[in-house]
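Structure first, then comments.
The values are calculated or read from the model by the stated rules, or taken from the named source; none is laboratory data. Since the model is a prediction, treat every value here as computed from it, not as a measurement. Positions of Cβ are generated from backbone atoms using ideal geometry, with glycine treated the same way; all protein chains shown enter the neighbour counts.
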């Protein structure tokens with residue numbers, strides 16, 4: 001016992017000396033960063049009369065102060081059509097939509113979910129309005145700080161003036177506004193985001209306990225491991241990079257989440273590689289994985305329309321059939337097997353694998369049909385495979401995935 005105590009003390013001392021900012025994770029709790037009492041109340045809102053609404057409502061709502069001055073957040077929101085609502089005897093579920101890098105609030109995304117029977121709100125999280133072109137949107141004079149890559153250089157600013165504080169606060173305020181609508185069931189609201197929006201979804205899910213489910217698309221944590229932002233983190237210096245990661249990496253917030261999460265990604269995503277993505281999902285329970293081979297990265301059809309997002313949300317918020325799930329998974333070095341449960345028909349299963357090493361984004365992925373017998377799927381692992389996992393396709397063409405396993409002899413960077 002004495003040796004164990006000495007070991008644990010040594011580990012603690014190593015953490016403090018190796019990561020001098022580690023203690024900041026505890027001090028920068030969500031309550032210390034975010035005024036949850038204020039953010040849980042619907043913000044004052046007004047019509048955005050000069051912004052085309054395109055079949056939904058265009059508004060500004062009050063954000064949190066930036067450099068001591070008030071801010072306004074632009075958003076689109078919409079409700080299902082009257083015909084759709086008339087078929088319901090109860091309030092409708094809702095969804096909060098968080099755009100990715102280069103994006104803004106998108107009206108078509110809101111309408112997509114309205115057509116599915118959901119109330120939806122999409123807000124800009126970078127102080128802009130949807131006037132201009134993708135990646136070059138017009139900034140609002142009362143907007144908050146610029147975001148995405150610009151956030152790395154903001155780490156020495158007061159925490160209330162950093163992008164993540166403003167972006168996540170905008171998400172929570174949009175949530176409060178949506179759930180205050182008389183047509184919306186406040187207890188049935190989910191959140192989904194794409195790329196940087198998926199990154200923010202991970203944080204928001206750990207901050208706002210009112211969400212019922214979350215679907216980050218691409219976005220995950222462990223950005224300091226092997227992400228596309230490593231050069232940017234290196235450019236701001238080791239100490240500032242550690243400060244940014246200890247405060248704003250989603251891995252800090254994910255252990256605090258208590259809601260079901262669906263993780264959607266592709267094997268070759270340029271921004272959020274598979275290993276960091278899987279490691280992020282492991283920080284949270286319950287997590288469901290959906291990993292398609294070479295899924296493209298982007299808004300529109302790529303990141304907004306995957307049926308998995310719709311089906312997963314419906315299973316929790318709208319009484320839909322539960323999402324298929326793997327259980328009792330065995331991925332050894334020669335054979336793989338897993339049991340599954342599903343209330344809908346399973347169409348096929350595949351073993352996904354790569355024979356490559358090197359960057360996850362550059363690996364060539366292949367698949368082989370897997371055997372399905374009753375509620376069990378199995379396959380033999382190709383001898384030269386370096387990484388593998390199962391995909392299960394149901395009759396709706398929704399994909400649920402196991403975690404991946406690397407061959408013991410394969411040393412990946």
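Within the group 280, 290, 315, which residue is at pLDDT 95 or above, over 27 Å from residue 106 (Cα atoms) and crowded, with 17+ Cβ neighbours inside 10 Å? Result: 280 is the single residue among 280, 290, 315 that is at pLDDT 95 or above, over 27 Å from residue 106 (Cα atoms) and crowded, with 17+ Cβ neighbours inside 10 Å. Summed over the stretch 122-131, residues that are outside any loop (DSSP other than H, G, I, E, B) and in contact with a strand residue (DSSP E or B) (Cβ under 6 Å, 6 or more places away or on another chain) total 5.
For residue 274, the conditions (1) closer than 22 Å to residue 386 by Cα; (2) at pLDDT below 95; (3) touching a helix residue (DSSP H, G or I) at 6+ places or on another chain (Cβ under 7 Å) are fulfilled apart from (2).
If you check residue 310 against the conditions, is it surrounded by fewer than 15 Cβ atoms within 10 Å (Cβ to Cβ) and either in a strand (DSSP E or B) or in the same structural domain as residue 227 (by TED's automatic domain parsing) (or both)? In short, no. On the stretch given as the stretch 293-307, residues that are closer than 25 Å to residue 110 by Cα and outside any helix (DSSP H, G or I) total 8. Selection within the stretch 31-46: residues that are assigned to a loop (DSSP other than H, G, I, E, B) and in contact with a strand residue (DSSP E or B) (Cβ under 9 Å, 6 or more places away or on another chain). The member of this set that is farthest from residue 247 (Cα to Cα) is 44. Considering each residue of the stretch 244-263, count those that are in a helix (DSSP H, G or I) and more than 15 Å from residue 150 (Cα to Cα), and give that number. Within the stretch 244-263, residues that are in a helix (DSSP H, G or I) and more than 15 Å from residue 150 (Cα to Cα) number 8.
Results for (1) out of contact with any strand residue (DSSP E or B) (no Cβ under 7 Å at 6 or more places or on another chain); (2) closer than 23 Å to residue 285 by Cα; (3) surrounded by 13 or more Cβ atoms within 10 Å (Cβ to Cβ), shown as yes or no for each residue.
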{"residue": "325", "(1), (2), (3)": "no, yes, yes"}
{"residue": "331", "(1), (2), (3)": "no, yes, yes"}
{"residue": "337", "(1), (2), (3)": "no, yes, yes"}
{"residue": "343", "(1), (2), (3)": "yes, yes, no"}
{"residue": "355", "(1), (2), (3)": "yes, no, yes"}
{"residue": "358", "(1), (2), (3)": "yes, no, no"}
{"residue": "362", "(1), (2), (3)": "yes, no, no"}
{"residue": "365", "(1), (2), (3)": "no, no, yes"}
{"residue": "369", "(1), (2), (3)": "no, no, no"}
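Scanning the stretch 47-65 for residues that are over 21 Å from residue 165 (Cα atoms), modelled with pLDDT of 95 or more, in a loop (DSSP other than H, G, I, E, B) and within 27 Å of the chain's Cα centre (by Cα) returns a single hit, 56.
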